[in-house]
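A short write-up of the structure that comes next.
The numbers here are math on the coordinates, done by the rules we state, and not lab data. The structure displayed is predicted, hence computed values, not measured ones. Backbone-built Cβ (ideal geometry, glycine too); neighbour counts: all protein chains shown.
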Amino acid sequence: MHISKYFCNFARFLLIRVIMEPTLPTKTNFETLCQQRRSIRKYTSEPVSQQQLDYILRCALMSPSSKRTNPWEFFVQGSAKTIRDLAGCKTYGSQMFETAQAAIAVALDASLTDTWQADGAIAAEHILLAAEDCGLGACWCHIYQREGSEALAREVFGIPENLHILCVISLGHKDEERKPYDPEKLMYNKIHTI
Ligand SMILES: Cc1cc2nc3c(=O)[nH]c(=O)nc-3n(C[C@H](O)[C@H](O)[C@H](O)COP(=O)(O)O)c2cc1C
């Protein structure tokens with residue numbers, strides 16, 4: 001092969017792997033990921049990178065949904081200053097937005113399927129696991145049918161009225177330690193083998 005062809009191939013490799021779609025350090029073992037994913041509500045001031053957001057959103061878009069209706073829409077807020085407004089979206093349980101560096105609202109079109117809440121919850125879980133996988137902390141803040149929360153989230157993300165907002169997920173680099181789940185202490189009594 002001519003030397004210039006080698007160079008072209010190498011340049012294309014660099015473009016795809018390094019510039020367009022950089023590989024993120026990820027944990028490969030799914031059980032380890034499930035063990036280590038905990039709700040993280042305190043974050044450092046280090047920003048969430050665009051690569052990390054892209055990775056998380058790609059994983060969200062691979063969520064299963066009833067009859068492949070894909071009723072979800074993901075609204076991303078990367079301005080830490082704007083995210084602070086969400087800290088007041090409920091009296092308890094929204095403190096994660098005091099330090100979050102990014103937030104993703106999971107909104108759903110209920111006219112597409114009666115399973116929209118289930119579809120939204122699965123997508124939200126993909127986001128939580130993907131965040132852990134790329135080294136971030138995350139937490140689900142419930143919005144749907146929480147008085148005042150939905151109106152504020154709608155305003156912060158500019159979400160149209162035809163979509164329900166199930167939850168907003170806070171994201172950031174962890175500033176608190178949570179113990180991973182211990183496989184020895186799981187509630188095995190929840191399993192009913194017939
Ligand atoms: C449907 C749902 C709603 C939740 N709502 C909130 C919330 O509004 N605020 C909050 O701080 N955490 C919320 N969480 C996080 C739970 O409190 C958390 O998942 C639970 O305590 C278990 O802890 P872990 O995530 O660390 O395993 C919610 C989780 C789920 C699945």
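Reported count of residues in region 65-101, each being of a type in the set (S, T, Y), away from the ligand (no atom under 16 Å from the Cβ) and in contact (Cβ under 8 Å) with a residue 40 or more places away in the chain, is 4.
Being on the phi > 0 side of the Ramachandran plot and charged (D, E, K, R) is the filter here; which residues of region 30-85 pass it?
Step one: filter region 30-85 for residues on the phi > 0 side of the Ramachandran plot, giving 67-68, 70.
Scanning region 30-85 gives K67, R68.
I need a count of the residues in region 158-186 that are within 17 Å of the chain's Cα centre (by Cα) and either within 16 Å of the ligand (Cβ to nearest atom) or buried (at least 21 other Cβ atoms within 10 Å of the Cβ) (or both). Result for region 158-186: 9.
Of the residues in region 152-194, how many are touching a strand residue (DSSP E or B) at 6+ places or on another chain (Cβ under 7 Å) and either in contact (Cβ under 8 Å) with a residue 24 or more places away in the chain or of a type in the set (G, A, S) (or both)? Talk me through it step by step, then tell me what you get.
Initially, region 152-194 is screened for residues touching a strand residue (DSSP E or B) at 6+ places or on another chain (Cβ under 7 Å), giving 153-154, 156-157, 159, 163-175.
This time we only want the ones that are either in contact (Cβ under 8 Å) with a residue 24 or more places away in the chain or of a type in the set (G, A, S) (or both), so: 153, 156-157, 159, 163-175.
Looking only at that region, the number is 17.
The number of residues in region 96-125 being in contact with a helix residue (DSSP H, G or I) (Cβ under 6 Å, 6 or more places away or on another chain) and hydroxyl-bearing (S, T, Y) comes to 2. Each residue in region 105-129 was checked for being among the β-branched types (V, I, T) and away from the ligand (no atom under 14 Å from the Cβ), and 2 of them qualify.
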